[in-house]
Amino acid sequence: MGNLNNMDAWTENLDCMISPPMIYLDKVLTGVREEVKVCSQNVSSHSGYGAFTGETSSTMLNAMGIRWALVGHSERRAGFGGMEGESSEVVAQKTSTALSTSNFNVVVCIGETLDQREAGETLNVVLNDQLAPVVSAIQDLVDNAESKTSENPPNLDELWSRVVIAYEPVWAIGTGVTATSEQAQEVHSSIRF
């Protein structure tokens, strides 16, 4: 945090976000300069408070001043430590639940494995398998609110303004191999809508 806090010049068009482990969120939030967004590494698919031991909801994060959460990180999609990976439907549910919390934002992580890239499946994986369920879940938020005729239903553009899509090819994580700008741009241009 020291390097961020001690920067003399801060570019106004720069967004900086850090995602520490859950137990450090409060310390980082109170210790880092206000221009830096603090993001949870995960968020529950359950809303509010309840009997969900070990889960942290967007409502809880929001109450402590955290306004961002990652969903769909490749490690969570793949699973670890004997834990089954999260499906794209779970990622979509987490996104939807988090966006249902006022003033809460989501970073949706997408990316393909090396086998998927080599098979020419990159766009199918990131657009159809990973992103399409999120798009559908966000549309459902709007549709469900409209059917309930709430006083202030969510607007599709407003919801999408609270989402960042982070493309990171799984084959480039921790391997020393990086995606070329052309490879990244191929995916970036395809997900813009």
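The values are calculated or read from the model by the stated rules, or taken from the named source; none is laboratory data. As the structure is a prediction and not an experimental result, all values here were calculated from the model. Cβ placement follows ideal geometry from the backbone for every residue including glycine, while neighbour counts extend to all protein chains displayed.
Where helices (runs of 4 or more DSSP H) sit wholly within segment 98-179, those with at least 1 residues that are farther than 19 Å from Ser44 by Cα and among the small types (Gly, Ala, Ser) occupy 132-147.
State all residues of segment 38-70 that are among the β-branched types (Val, Ile, Thr) and modelled with pLDDT under 95; if no residue qualifies, say none. Thr53 - this is the single residue of segment 38-70 that is among the β-branched types (Val, Ile, Thr) and modelled with pLDDT under 95.
Each row is one residue, and each column tells you yes or no for (1) farther than 18 Å from Phe104 by Cβ; (2) out of contact with any helix residue (DSSP H, G or I) (no Cβ under 7 Å at 6 or more places or on another chain).
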residue: Leu29; (1), (2): no, yes
residue: Val32; (1), (2): yes, no
residue: Ser45; (1), (2): no, no
residue: Thr56; (1), (2): no, no
residue: Asn62; (1), (2): no, yes
residue: Ala69; (1), (2): no, no
residue: Phe80; (1), (2): yes, yes
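Look at Asn103 and say whether it is within 15 Å of the chain's Cα centre (by Cα) and among the polar types (S, T, N, Q). Judged against the criteria, Asn103 is a match. Can you spot a residue in segment 48-55 that is out of contact with any Gly (no Cβ under 7 Å at 6 or more places or on another chain) and part of a helix (DSSP H, G or I)? No, segment 48-55 has no match at all. When we screen Glu35, Glu89 for residues that are among the acidic types (Asp, Glu), closer than 26 Å to Glu168 by Cα and at pLDDT 95 or above, the only hit is Glu89.
Among the candidates Thr95, Thr101, Thr122, the residue that is modelled with pLDDT of 95 or more, more than 16 Å from Arg76 (Cα to Cα), of a type in the set (Ser, Thr, Tyr) and surrounded by 19 or more Cβ atoms within 10 Å (Cβ to Cβ) is uniquely Thr122.
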